1. Hey, F336 hits all of (1) modelled with pLDDT of 85 or more; (2) over 17 Å from L58 (Cβ atoms); (3) under 21 Å from the mean Cα position of the chain (by Cα) but one; which does it fall short on?
2. Could you list, in sequence order, all residues of the stretch 174-217 that are β-branched (V, I, T), part of a helix (DSSP H, G or I) and either open to solvent by less than 30 Å² (accessible area, probe 1.4 Å) or not assigned by the TED database to the domain that holds G131 (or both)?
3. Suppose the filter is modelled with pLDDT of 85 or more and within 24 Å of the chain's Cα centre (by Cα); does D331 pass it?
4. Spot the failing condition for F143; the list is (1) in contact with a helix residue (DSSP H, G or I) (Cβ under 6 Å, 6 or more places away or on another chain); (2) surrounded by fewer than 18 Cβ atoms within 10 Å (Cβ to Cβ), and only one is missed.
5. Go through L58, L110, L52 for me and flag whichever is without any contact (Cβ under 8 Å) to a residue 60 or more places away in the chain, more than 19 Å from the chain's Cα centre (by Cα) and under 20 Å from L188 (Cα atoms).
6. Go over the candidates L98, L110, L88 one by one and state the one that is closer than 17 Å to M200 by Cα, surrounded by fewer than 24 Cβ atoms within 10 Å (Cβ to Cβ), modelled with pLDDT of 85 or more and in the same structural domain as D193 (by the TED database).
7. Does the stretch 139-152 contain any residue that is assigned to a helix (DSSP H, G or I), modelled with pLDDT under 75 and assigned by the TED database to the domain that holds G107?
8. Among S322, S312, which is more than 23 Å from the chain's Cα centre (by Cα), open to solvent by 10 Å² or more (accessible area, probe 1.4 Å), in the same structural domain as Y460 (by the TED database) and closer than 27 Å to A157 by Cα?
Amino acid sequence: MDEAFAHIESSGNKKNKAGWVAPDGGWGYVVSLGVGFTFMLGFGSSNAFGILFHNFFLEQESGSGLPLVIGVYNGALSISGFLGGIALKKYSFRQVGLVGAGLFILGDILTIFVTRTYQLVFTFGVIRGAGFGVMIPVSFTAFNSYFTKKRTTMMSANQTMSSLASITFPMLVTYLLSEYGLRWTLALIMAIDLHLLFAMIVMHPVEWHLVKTNENNTELTSKCEVINVKKVEAFDEAVVKMLPGDDKECEERETRVKKRESIQKHIIKTIYENIDLDLLKDPRFVSTLVGVGFAFVSDVTYLAMEPTLLFSYKFTKIEVASCVMVGAVSDLLARFGLAIFTYFYAVDSRLLFFIGTCVTVFLRIALVTSSELWFVFAVTAISGLVRCSVQVLFPLVLIMAAPDRFPAALALHILFSGVLMLIADPLIGVLYEETGSYVYCFLAMSFCCLLCVVLWTTEYFVYRTNRNAN
């Protein structure tokens, strides 16, 4: 059955579907496995980027190349993720997902042959980053459509797969580089990433796998329902447009300029409809958006640049890979600990995020104060423990800032953080070129966290003063 007609059947027979619900298992387990592989392969090799391309950047004599590529990669990921979410309102999971997987693998293939930094920016940064960004909303939306009661458990399993990839990939990349060199290592990574095609192929429309329930007033998850309705409307509109008309105001007479203007207006209108700019009128939300964005930049840039800093300390590849692995293991343990703690106790997500960011300010500085192996391992382990406060809690912080408008808040966060990384990471690279030291780069990351701390502290006292005055 064609996916488009699956949506039509779902809409046209709503009365028959009243007793059917998402499977909360069944094919959903296959979808969950696909989501796990997507995150595992997407984040795994990216976290080993500094190790993978260390010698490449040395040959290019371009210390600023690494933060430039990472900035473009994460910027492309964020912006394409936003656009991918919009595309899901018209196209199926698999249609959008396979485009993302195709771009990701194309980026892998082209990266094998790069010889200059600017080529790597385009192949790895733009193409590969955009591909992964498109697959992220597909994975989350498909996952949410298949699971309701088991959603938290299955997402925890997926997060575990992602964390395991972050632990194993640095060592794997180090081994492959020593045995096969850069080009063949990139080819092997590309071969592994081909599994993303299968991960996207299993993203069936949930209508194909509904199960019957005895409850009379059961509905599909609201997310799935909204997406399906909009897809049906889009399909119906397309069918109407294809029907022959009596008057022959031919499309042949329409100039290419008008067509191009129409497409541009449609794109701008679509993007505008998916961004709730009214949220920016709330100073507290703006404070949250900016603070989370800068903390995100610091965290992502740190993961990419720490291996390069350790290589400048004359660490061996095994020592660097081991250090990165220690940070990933600490992060995984912190996530388990946080999940268990929050199961029994209620926590203030924003406060915990704030405390983690405060600690991170000092950890970034501490890492550049000593090159002793034990000290670097200790700081990296603590950084891994603290990192989960940023990566895990940021969606909850956004929910607290806009409880009734979370999708719009998340869209603004994706766009803001993406643009911010496109600007900030290349500037950090320029900072290295001008100073010749990674110390100032890590101080800049610390400053990004400090901006969040200062901004939120100021907000707290301003609103506390206004509350007392009233």
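The values are calculated or read from the model by the stated rules, or taken from the named source; none is laboratory data. Note that the coordinates shown come from a computational prediction; the quantities given were computed from them, not determined experimentally. A quick note on method: Cβ atoms are made from the backbone with ideal geometry, for glycine too, and the neighbour counts reach across all protein chains shown. Just so you know, the surface numbers come from the protein's heavy atoms only, side chains and all, with ligands and any DNA or RNA stripped out. Shrake-Rupley method; radii C 1.70, N 1.55, O 1.52, S 1.80 Å.
1. Every condition holds for F336 apart from (1).
2. Step one: of the stretch 174-217, the residues β-branched (V, I, T) are 174, 185, 189, 192, 201-202, 206, 211, 213.
From the residues that got through so far, the ones that are part of a helix (DSSP H, G or I) too are 174, 185, 189, 192, 201, 206.
Residues satisfying the conditions are T174, T185, I189, V206.
3. Details: modelled with pLDDT of 85 or more: yes; within 24 Å of the chain's Cα centre (by Cα): yes.
Criteria met by D331.
4. Unmet for F143, out of (1) in contact with a helix residue (DSSP H, G or I) (Cβ under 6 Å, 6 or more places away or on another chain); (2) surrounded by fewer than 18 Cβ atoms within 10 Å (Cβ to Cβ): (2).
5. Working: L58 fails: under 20 Å from L188 (Cα atoms); L52 fails: without any contact (Cβ under 8 Å) to a residue 60 or more places away in the chain.
So the residue among L58, L110, L52 that is without any contact (Cβ under 8 Å) to a residue 60 or more places away in the chain, more than 19 Å from the chain's Cα centre (by Cα) and under 20 Å from L188 (Cα atoms) is L110.
6. Working: L110 fails: closer than 17 Å to M200 by Cα; L88 fails: modelled with pLDDT of 85 or more.
Result of the check over L98, L110, L88: L98.
7. Our first condition is that a residue be assigned to a helix (DSSP H, G or I); within the stretch 139-152, this holds for 139-146, 151-152.
Those still in the list that are modelled with pLDDT under 75 too: 151-152.
Checking which are assigned by the TED database to the domain that holds G107 leaves us with 151-152.
Yes, some residue in the stretch 139-152 is assigned to a helix (DSSP H, G or I), modelled with pLDDT under 75 and assigned by the TED database to the domain that holds G107.
8. On the way: S312 fails: closer than 27 Å to A157 by Cα.
The conditions single out S322.
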